[in-house]
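Encoded as structure tokens, the structure appears first; notes follow it.
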Amino acid sequence: NPSSFHLHADYLYHKFNIFDVQKGKLPLYFGIGARIRIGDIEDRLGIRIPVGICYIFEQSPLDIFFELGPVLDLTPATRLRLTGSIGIRYFF
């Protein structure tokens with residue numbers, strides 16, 4: 001069972017006017033970024049194109065999100081993959 005470490009960084013653009021909620025904010029977001037995967041078998045470097053939705057809490061530095069992120073690996077071979085995430089972000 002191989003193990004790996006994933007690190008990604010994305011530039012995200014938020015569309016706040018699509019969903020109307022009474023409290024907080026519910027934007028759709030999309031962007032572009034990079035991903036590095038360091039693993040037991042091979043290391044990979046790729047480009048991410050995340051698309052997701054998040055709920056930004058009112059008067060709190062937190063959001064919760066669901067996202068899909070197609071990844072185009074560039075090394076060691078070109079390969080297209082799809083990643084998905086659910087999570088919580090804290091804003092400093």
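The values are calculated or read from the model by the stated rules, or taken from the named source; none is laboratory data. Quick caveat: nothing in here was measured; it's all calculated off a predicted structure. Here Cβ is always computed from backbone atoms with ideal geometry, including for glycine, and neighbour counts include all displayed protein chains. With ligands, DNA and RNA removed, areas are computed over all heavy atoms of the protein, side chains included. Shrake-Rupley method; radii C 1.70, N 1.55, O 1.52, S 1.80 Å.
If you filter the range 29-92 for GluC sites (Glu not before Pro), then keep DSSP loop positions with at most 13 other Cβ within 10 Å, what is left? The qualifying sites are Glu42, Glu58. Only the Cβ atoms of Lys and Arg (+1) and of Asp and Glu (-1) were treated as charged; on that basis the dipole of the chain about its Cα centre amounts to roughly 120 debye.
Of the trypsin sites (Lys or Arg not before Pro) in the range 1-59, the ones in a loop by DSSP (not H, G, I, E or B) with at most 11 other beta carbons within 10 Å are Lys23. Heavy atoms of the protein chains alone define the surface here; on that basis the range 6-92 has 71 Å² accessible area per residue at 1.4 Å probe size. The Ile38 and Phe92 beta-carbon pair, evaluated with R₀ = 22 Å, returns a calculated FRET efficiency of approximately 0.30.
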